[in-house]
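Working notes, structure below.
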Amino acid sequence: MNAETNPLEAILAGDRRAVARAITALENDSDSAHAVRAGVAAHVGRAHVVGVTGPPGGGKSTLVSGLIRQLRVRGHTVAVVAVDPSSPFTGGAVLGDRIRMGEHQADEGVFIRSLASRGHLGGLARSATDVVDVFDAAGYHTVIVETVGAGQSEVEVTRIADTRLVVCPPGLGDDIQAIKAGVLEIADAFVVSKADLPDAQRTENELLSMLTLRRGPAAKPPVLRTIATTGEGLRELVDWLEQRTQRGSRHAATEDRAARDLVARSIAADGYGRHLGFELVAAARGTATVRMRVGPQHLNFNGRCHGGAIFSLGDMALGLACNSHGTIAALIDGNISISTGVEPGDWLVAHATEVSRSRKVGVYRVDVSRASDQAHIACLSGTVYVTGKPVPVAAPGERPGLAPLLN
Ligand SMILES: Nc1nc2c(ncn2[C@@H]2O[C@H](COP(=O)(O)OP(=O)(O)O)[C@@H](O)[C@H]2O)c(=O)[nH]1
Ligand SMILES: [Mg+2]
C-alpha cells in the first residue's frame, strides 16, 4: 500500500507515516486537512478515548506513561494527544512530555503526539478532536488526551473524551475549590496522584466528602489512588477503564456536541460575562453550567456578593441554555429567589435546564449553588421568546472565537 497514492487507506491500515502526515495537515490547517477530516469521519467510534485533565505539574504525564505501560501489557495499542494550551506560562511542558514518555517512543504499538499551542484554546481543542479521530480511524485501541485543567479546557475535554479522569495531586490547597466548582460535573473518576506524598489521604477525604454532598441520581465517580512513579494503583485504574462501556460515546450525541461548541463560542464572545469572570463548565442542548469565583467586583456595600451578580450568573447560564439550539432566544420575564448570602472567595455554580420549549416560547430554570458545600444559593426561573434568527456565533464553517484563556 502506498501512502502517497491513497493516504486514507494508509491511515486506516495504521501506517505511522500516513498518520503523522495527516496530523501535521490538521495542525497546520493545510489544504489537505479537510480531506483528512472527511476521510476518517466514517471510520471512527471504535477507540476508547480517555481524557486526563488536572493542574499543571499534577502528575498527568507520568500517569499517562504508566497507563500506556499497563495497556501495552494487556496487548492494547495506545495513542496519546498531549494538549497544553498554557505553554506560554509553563514553557517547554510539551517537550517535557515527550521526554518523560520517551520510553515508549520505540514501541510500534504506541503513538504520542504533542499539540503546540497557538494561544487559541478553541482552535486547539478543535484540532485535538480531529487528531483523536485520526488515531481512532487508524485502529488504536485506546486514545489518551492529556490537557491542563484550566478553566475552559475542562469543558473541552468533555467534548473530546468518552471517559474523563480528573487528576488531583495532594496539597492543592485552595485550588480544590476550583475543582469542586467545575470538574465535579464532568469527572468519571478522580485520581489522587502522587499518593506517596503525605497529604494524599487528606485530598482523598476531601474528594470523598465533596462527592457525598453531590445530589442527583448520576453514579458517583470513584476516587482512585496512584503512585505513577512506582506503578502502584495503575492496574486497578486500568481494570476500571476496561470495564467501562462508554467507548465511542462521544459520537452518540452529535447534537449535544454541536450545542456545546456553540455555547463555548457564545460565552467567549460575551463581553459582560467575561467582565464578571464567568467560566463555562458544561453544556448540551437546552442546558448549560457556568461558574464564577466571587471577587471584589461582585460585592455590594455590605461586603457580600451582590444580588445582581448572582442574577447575572444565573442569566448567563439561562441565556446559553436557551440559545444552545442555534436560534436567538431572549429573556422576557425572569424571577429570582435568593436563600443565602455569599462571601468573597466562594465559587458559585449555576446550572440551567429547559423546562419546556415550543416554537416561540421557552421556560427555563436555573439553580445556583455554592461549590464548597453544595448549599442552595438561588433559584431563577425565566421565560424566553424564541426569535427564529440564527445565533451569530453559529455561522457555519466559522472558526471558534477567542476562548478566554483562564487561570
Ligand atoms: N512523588 C511523586 N511525584 C510524582 C508522581 N508522579 C509524578 N510526579 C512528579 O511530579 C512532577 C510533575 O509530573 P508531570 O507528570 O510532568 O505532571 P503534569 O504537568 O501534570 O503532566 C514530576 O517531577 C514528576 O516526577 C508520583 O506518583 N509521586
Ligand atoms: Mg504533562
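Summary of computed values
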| item | result |
| --- | --- |
| Enumeration of residues in segment 332-362 that are open to solvent by 60 Å² or more (accessible area, probe 1.4 Å), in a loop (DSSP other than H, G, I, E, B), closer than 27 Å to residue 299 by Cα and hydroxyl-bearing (Ser, Thr, Tyr) | 339 |
| Yes/no for residue 9 being open to solvent by 70 Å² or more (accessible area, probe 1.4 Å) and of a type outside the set (Lys, Arg) | yes |
| Verdict on residue 277 being within 19 Å of residue 368 (Cβ to Cβ) and either in a helix (DSSP H, G or I) or at pLDDT 95 or above (or both) | no |
| Tally of residues being among the aromatic types (Phe, Trp, Tyr) and closer than 12 Å to residue 386 by Cβ across segment 322-364 | 1 |
| Matching residues, segment 99-149, being among the aromatic types (Phe, Trp, Tyr) and either out of contact with any Ser or Thr (no Cβ under 7 Å at 6 or more places or on another chain) or modelled with pLDDT under 80 (or both) | 111, 135 |
| Segment 49-59: number of residues that are modelled with pLDDT of 90 or more and open to solvent by 10 Å² or more (accessible area, probe 1.4 Å) | 1 |
| Scan of segment 1-57 for residues that are touching a residue at least 40 places away in the same chain (Cβ under 8 Å) and polar (S, T, N, Q), ordered by number | 53 |
| Qualifying residue in segment 312-329 (condition: of a type in the set (Asp, Glu) and modelled with pLDDT of 95 or more) | yes |
| Residue within segment 165-174 that is in contact with a helix residue (DSSP H, G or I) (Cβ under 6 Å, 6 or more places away or on another chain), in the same structural domain as residue 63 (by TED's automatic domain parsing), within 16 Å of ligand 2 (Cβ to nearest atom) and modelled with pLDDT of 65 or more present | yes |
| Matching residues, segment 306-331, being outside any helix (DSSP H, G or I) and either more than 11 Å from residue 276 (Cβ to Cβ) or within 27 Å of the chain's Cα centre (by Cα) (or both) | 324, 325, 326, 327, 328, 329, 330, 331 |
| Long-range neighbours under 7 Å by Cβ, at least six apart or interchain, first residue over 19 Å from residue 371 (Cα atoms) within segment 285-304, second among the acidic types (Asp, Glu) and surrounded by 16 or more Cβ atoms within 10 Å (Cβ to Cβ) | 285/256; 286/354 |
| Selected residue (only one of 365, 293 is open to solvent by 60 Å² or more (accessible area, probe 1.4 Å), under 25 Å from residue 211 (Cα atoms) and in contact with a Ser or Thr (Cβ under 9 Å, 6 or more places away or on another chain)) | 365 |
| In segment 51-77, residue farthest from ligand 1 (Cβ to nearest atom) [restricted to those that are assigned to a loop (DSSP other than H, G, I, E, B) and farther than 19 Å from residue 166 by Cβ] | 75 |
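The values are calculated or read from the model by the stated rules, or taken from the named source; none is laboratory data. The shown structure was predicted, so the numbers you read here are calculated from the model rather than taken from an experiment. Reconstructed Cβ throughout: ideal geometry from the backbone, glycine too, with neighbour counts over all protein chains shown. Only protein heavy atoms, including side chains, enter the accessible area calculation; ligands, DNA and RNA are left aside. Shrake-Rupley method; radii C 1.70, N 1.55, O 1.52, S 1.80 Å.
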